[in-house]
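Structure, as structure tokens:
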Amino acid sequence: MADFLTDKPTNLERAFLVGIQTDKMAPGEGAELLMELKELVENIGLTVTRSALVQLRRPTPALLLGSGKADELIAQAKEDGADVIVFDEALSPAQQRNWEELSGLAVIDRQEVILEIFSDRAHTREATLQVALARMEYSLPRLTRAWTHLSRQRGKGAMGGEGETQLENDRRTVRDRIAHLKEELKKVVSQRDVQRRKRQRVPVPTCAIVGYTNAGKSTLLNTLTGARVLAADKLFATLDPTTRQLVLRGNQKLLVTDTVGFIRRLPHGLVEAFKATLEEVVVADFLLHVIDAANPNFEHHHATTLAVLTELGAADNTIVTVFNKSDIADPLLLQRARQMVPDALFVSARTGAGLDTLEARCVELIADSLSATDLLVPHARYDVVARLHTVGHVQSEEQLDDGIHVRGRFPVTHAAYFAPFVVTK
């Protein structure tokens, strides 16, 4: 975790968590977020010694909390032998620095925990660049923490001392690195755009799987398509978008993309950094919004995903709501889910239950997006029939004396190619 940007000890093992409940938050929301923070912290290998929920009426500029409460929490953290205090609320660089000076411990917030997880689990070049950019932009205003131990060496003259000079050098280095990362990302995004255009030359319908982290999106992709995407019962098990082909009824093909999971209080820098990856969500023909039906907080997860989709400009896309893990969900939770989204589908990606209904819904959506046509294709032109199956939705196919009668829905972009075979009524 430590580098020259943060100057934190590398042997952090025990974490003391601080959650915040304000009057503006729903009752119990602070406790729910604190439980989520505990899982996030455990994902980076730290042991949680204690979790404290603070009722905050009015934040203070210096410490976020009042000085009395700060002293009380620091005493508890030291009593537990904690190495780091982790806040569920975002801390300003000044607040973070003040807490570290007051406690003598490392102090981080939810944003830094999520950045650490993303950094550990990014594998493709694009994801690695995006995480590096987000970390650099997060660290830039916090560089002063790395050089407080040199403050005594600061000179009295106009030039300043070693700490000040080193700080300016580091700021320059980070700004240069940010500029370089942005240029590299442009190249990677450009390459991905070329790949997408190649796919669109033979337009195959596309859908993107979205949802709260750990809802079972990767498992659903694996079960539907036979892919081997990492699927584990932990937050942010996979960060890199994966596209696989699903063959539906009637040999209808569909490209399905698994995306990074969403989470409450996702650092805005990461939303910006991952917008290139999440462009697949914006351009998809429709979305599969996967929700963990076994999680008592699924209403919050549903709202968070819709909020992120709105920020991405994808809220108006056709969305199919899919409650996953219905095989292990409490019946009362399933009842709540049906009341929240009456037309939702209920499946189990683990057992395969309900997936036939999901695939049928996908076929319906694809058919609705295409224009209905009757064609008569000569027996010698089976290549045309094969292409019809590839790019459209064939509803029926009948062998006649004068050719093959095909009824279905096909993209208007292929109208000129199929025009010679259209049956006029």
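Worth pointing out:
- The residue that is modelled with the highest pLDDT, among those in segment 238-279 that are surrounded by fewer than 22 Cβ atoms within 10 Å (Cβ to Cβ) and part of a helix (DSSP H, G or I), is R249.
- Within segment 305-328, being in a loop (DSSP other than H, G, I, E, B) and in contact with a Phe, Trp or Tyr (Cβ under 8 Å, 6 or more places away or on another chain) holds for N317, S326.
- Across segment 220-231, the qualifying residues are those that are at pLDDT below 85 and in contact with a Ser or Thr (Cβ under 8 Å, 6 or more places away or on another chain), and the one among them that is surrounded by the fewest Cβ atoms within 10 Å (Cβ to Cβ) is L230.
- Filtering segment 164-188 to residues that are among the β-branched types (V, I, T) and modelled with pLDDT under 75 leaves only T165.
- When residues of segment 281-304 are limited to those that are modelled with pLDDT of 90 or more and in a helix (DSSP H, G or I), the one farthest from T242 (Cα to Cα): E299
- Selection within segment 38-64 - touching a strand residue (DSSP E or B) at 6+ places or on another chain (Cβ under 6 Å) and closer than 23 Å to E101 by Cβ: V41, L46, T49, R50, A52, V54, L56
Conditions (1) surrounded by fewer than 18 Cβ atoms within 10 Å (Cβ to Cβ); (2) in the same structural domain as A208 (by TED's automatic domain parsing), marked per residue:
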{"residue": "F346", "(1), (2)": "no, yes"}
{"residue": "D356", "(1), (2)": "yes, yes"}
{"residue": "V377", "(1), (2)": "no, no"}
{"residue": "V391", "(1), (2)": "no, no"}
{"residue": "I404", "(1), (2)": "no, no"}
{"residue": "Y417", "(1), (2)": "yes, no"}
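- Of the residues making up segment 333-365, those that are touching a residue at least 60 places away in the same chain (Cβ under 8 Å) and more than 25 Å from the chain's Cα centre (by Cα) are A360, V363.
- Residues in segment 116-154 that are at pLDDT below 80, within 20 Å of R172 (Cβ to Cβ) and not polar (S, T, N, Q): 6 in all.
- Scanning segment 69-107 for residues that are in a strand (DSSP E or B) and without any contact (Cβ under 8 Å) to a residue 60 or more places away in the chain gives a single hit, V107.
- Condition broken by I85, with the remaining ones in (1) surrounded by 15 or more Cβ atoms within 10 Å (Cβ to Cβ); (2) at pLDDT below 95 satisfied: (2)
- So K217, is it assigned by TED's automatic domain parsing to the domain that holds C362, of a type in the set (D, E, K, R) and at pLDDT 75 or above: yes
- Enumeration of residues in segment 340-377 that are of a type in the set (V, I, T) and either touching a Ser or Thr at 6+ places or on another chain (Cβ under 8 Å) or outside any loop (DSSP other than H, G, I, E, B) (or both): V341, V347, T357, V363, I366, T373, V377
The values are calculated or read from the model by the stated rules, or taken from the named source; none is laboratory data. Because the structure is a prediction, the values reported are computed rather than measured. Cβ: placed from backbone, ideal geometry, glycine included. Neighbour counts: every protein chain shown.
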